[in-house]
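One structure is given here, and the rest of the page talks about it.
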């Protein structure tokens, strides 16, 4: 045991401590930025990062994944806070989401992510990217009251609203925020380029925050100084200002449960996708137990709801930064959470020097990475059966909400699956021997009820005085409905002088059917 403790101590000091520090520097601005994009108190994003590091990392079986607030949930969080009537009621939905994830893990349903088509998931993430960008543009320009811009795309269809909003926005744009935003975005884009890796001395998000802080400090006292409303505002004592959930509304509000289940489902999908991506980066080929991961995420989200934080997921950006920094075990994720806690307790005044424009720049690049033009080109190259569900998911989410968009995208995908299934359940070949038409219907490995109508029509199209062979020798499963159609057809085929031969197809009792 002593040897084992010593081993982990050395691993932590040599690898996981510096990796945890590196991830902390990436996570700090992201926690603030995602809370900002979610319309939640800024401290709520920091608390989420702390819970993800100190709690989820210990319960989880993932060695390299890092948990925290996710940009992919910001749109749903923002909409839920508004629809539920306040942050305190929203926290109840976060608790429900956590309980839902725990149940998924306990009942071994961690494979749920495999049942969502890739096109729908990519469409969901692309739509989130578009919404994220639209919500950050006003802040990047200096507008410190972005309520209009967070109300959804349907509101933007009203020309009067658009003209009024741009007119109002024009009065809030400041030169300083424009400079900070442009320089920050340029720095983020430059440092993300593969050829710029040798210049990447510190994480790009941290560099962007430092740029904003330095610019604001240099301009302090001048005409170009940022307004206090354009800067982060975290209470000196965070724990005195935490909002707690109002449990009196938990059991008599259906909307809370609906929002909670949706948050839980999307958080689960994002976690499973992130875990899969990070496992592929692990040089030791360790595989994360997904059901245990869902239990860990669920516990984390329940705590987030109870303690006044926004929901969390495993996040690819933090996980990839963890791998790049040389992490070996989950102690690095725990260390990053510890650094976040110390930052909140010891240097809140320093965090309040960060301009909103810096955080907006980070999120603009994050949103763009979710909805790159390259993604659309790739989906188009895969054909209509992939591109159409992808595009429809995006459009419906933009003009309604995530749940409706994902549901309709899923239905479109299922339609194409069924259509493909219709075409592949059997093949018909025709030959002529001694002036007699000979037909062979070759059944594939799986034949389901979905092809009943088409099979019945194919059988009816067989001309009189023909010979027909139905070959099911390669079939592993033939639905009862198909066997019923074949049995009925054979029983009546002699009336049309059709000779039917069956191979590997079991007949059912036709008289019992009627």
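The numbers here are math on the coordinates, done by the rules we state, and not lab data. Fair warning: this is a prediction, and the values are worked out from it, not measured in the lab. Cβ atoms come from the backbone with ideal geometry, glycine included; neighbour counts cover every protein chain shown.
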Heads up, region 10-414 by the C-alpha gyration tensor (a ≥ b ≥ c square roots of eigenvalues; a/c under 1.5 rounded, else a/b over b/c prolate, else oblate) looks rounded
At a Förster distance of 51 Å, what's the computed FRET efficiency of residue 137 paired with residue 107, Cβ-Cβ distance as r, to 0.05?
0.75
Would you mind pulling out the separation of the Cα centroids of region 83-98 and region 193-242, in Å?
30 Å
The chain - mean residue ellipticity at 222 nm from DSSP helices (-39,500 (n - 2.57) per run, n ≥ 4, rounded to 500)
-19500 deg cm²/dmol
Length gained when the stretch residue 244-residue 481 is fully extended (0.36 nm per residue, less Cα-Cα span):
79.8 nm
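Normalising by the residue count of region 425-513, find the relative contact order in percent from Cα pairs under 8 Å and 6+ residues apart.
29 percent
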With both partners inside the chain, how many of the DSSP beta bridges are antiparallel, as a percent to the nearest 5?
50 percent
In what order do 487, 358 fall by count of nearby beta-carbon atoms within 10 Å, going from fewest to most?
487, 358
Post the alpha-carbon centroid distance, region 378-392 to region 254-301, in whole angstrom.
26 Å
Going from the fewest other Cβ atoms within 10 Å to the most, one would list 15, 476 as 476, 15
Spatial extent of region 313-406: Rg and Dmax, with the Cα atoms as the point set, Å
19.0, 54
What's the FRET efficiency of residue 474 with residue 261 using the Cβ-Cβ distance as r and R₀ = 30 Å, to the nearest 0.05?
0.10
One finds, for residue 376 and residue 283 with R0 = 45 angstrom and r their Cβ-Cβ distance, a FRET efficiency to the nearest 0.05 of 0.85
Please compute the modelled spin-label separation between residue 214 and residue 434, points set 7 Å along Cα→Cβ, answer in nm with one decimal.
9.4 nm
